[in-house]
Amino acid sequence: MIPFADTHVHLLAGLDDGPPTSDVALAMCRMLVTEGARHATALAHQNHSYPANTADHLRSAAAALAATLSEKKIPLSVYPTGEIMLSANTLAEWRSGTLLSVGDHKQWLLVEMPHSGLINVLPLVEALKPEGVGCIIAHAERYPELLDDLALTQKWIEAGCLIQVTARALAEPWEPGFELALKRWAKGGFIHLMGSDGHGIDRRRPVLAGGFGRLAKWVGRSHAEQIAGVWGAAVLQGKSVNVPPPRPAGRNWFTRLFGS
């Protein structure tokens, strides 16, 4: 079994709406190990609600967590990361050194949409491309404009984005239409990474196994292991990731013969 890599979990105590104390953060880490994870982001939000969460602050907090995990012999490698809320200032903030990339490798930014809804990420993606930096769309299943539009999702992927989905959404979809859309994404190769989006031990727990099980059912164990482990570990460790292009479901014989 390939170890899981949680590419979206809040483990930095007291820095955002994640674990309030270091004891809770350590309990989350132990829970992740029990789930089968050996790699995880040590992340916190980077947005206007948390102005103190600079790259340096997150690096320091992640290093302290890593030292504690080593001391307590908890077999989880953690990687400093910022969850960046997109804004008109994102590019300038990145170039100023305020924002923290995934694993601090300057290869990927983990980005989420502002509360106002989906915005076009492509201008930022194009601006970052000469710097060798790409964007990972955090908890992408939250955005129906993306989830329900395969052409748009494919356009973002072709531009260089990776699509991340929350494990619990896969394991416990809240309605049949949502489940069908996630299954369409999975079977079409639109999902690249899985994260728990864990925030604590009483709510939004860092669970992964259920999401992996649903992926394995839909796309087979080998592909599910790439999403839940192989590609995520590569991203966190700063290694290259070569994901195949999406494969939207083909048209049926009638539409191929007579047109759509």
Calculate one ³J(HN,Hα) per residue across the stretch 145-150 by plugging θ = phi - 60° into the Karplus curve 6.51 cos²θ - 1.76 cosθ + 1.60, and present them in order as whole Hz with x for glycine and proline.
4, 8, 4, 8, 10, 4
Amide H contacts under 5 Å for residue 194, restricted to residues at least 5 apart in sequence or on another chain and with H modeled in the peptide plane, are 7, 165
In degrees from 0 to 90, rounded to the nearest 10, what is the angle of the helix 55-71 Cα long axis to the longest principal axis of the chain?
80
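Using Cα pairs under 8 angstrom and six or more residues apart, how large is the relative contact order of the chain, in percent? Numbers along the way, then the final one.
Details: 486 pairs, mean separation 56.8, N = 260.
After rounding, I find 22 percent.
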May I ask you to sort 78, 207 by Cβ crowding, counting other Cβ atoms within 10 Å and putting the fewest first?
207, 78
For the stretch 173-180, what does the Karplus curve 6.51 cos²θ - 1.76 cosθ + 1.60, with θ = phi - 60°, yield as ³J(HN,Hα) per residue in whole Hz, taken in order and with x for Gly and Pro?
x, 7, 7, x, x, 5, 4, 5
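At 0.36 nm per residue, minus the direct Cα-Cα distance, what do residue 95 and residue 56 gain on full extension? Give it in nm, one decimal, please. Walk me through the numbers on the way to the answer.
Values: separation 39, 0.36 × 39 = 14.04 nm, distance 1.43 nm.
That pair, residue 95 and residue 56, stretches by 12.6 nm at full extension.
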Extension length gain for residue 21 and residue 104 (0.36 nm per residue less Cα distance), in nm, is 27.5 nm
What percent antiparallel are the DSSP beta bridges of the stretch 4-239, to the nearest 5?
0
Charge context of residue 49, other residues only, Cβ under 14 angstrom, K/R +1, D/E -1:
-4
Given the C-alpha centroids of the stretch 184-199 and the stretch 124-147, what is the distance between them in whole angstrom?
14
In whole Hz, what ³J(HN,Hα) sequence does the stretch 212-222 give by Karplus (6.51, -1.76, 1.60; θ = phi - 60°), x for Gly and Pro?
4, x, 5, 4, 4, 5, 7, 10, x, 5, 4
What is the set of long-range amide H partners of residue 12 at a cut-off below 5 Å, with H atoms built 1.01 Å from backbone N?
43
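Percent of Cα-Cα pairs more than 26 Å apart in the stretch 76-201, please. Write down the numbers at each step before the final one.
Numbers: 1617 of 7875 pairs.
Within the stretch 76-201, distances greater than 26 Å cover 21 percent of Cα pairs.
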For residue 209 and residue 230 in the same chain, what is the full-extension length gain: residue separation times 0.36 nm, less their Cα-Cα distance, in nm?
6.1 nm
Between residue 83 and residues 5 or more places away or on another chain, which pairs have amide H atoms under 5 Å apart, with H built 1.01 Å from N, and which residues are they?
44, 45, 46
Quick one: if you stick a label point 7 Å off each Cα along the C-beta vector at residue 155 and residue 242, how many nm between them?
2.8
Please give the Cα centre distance for the stretch 88-102 versus the stretch 43-69, rounded to the nearest Å.
15
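Every number in this text was worked out from the coordinates using simple rules, so none of it is lab data. From a predicted model like this one, the values you see are computed outputs, not experimental measurements. Don't worry about glycine lacking a Cβ; one is built from the backbone with ideal geometry, like all the others, and counts go over all protein chains shown.
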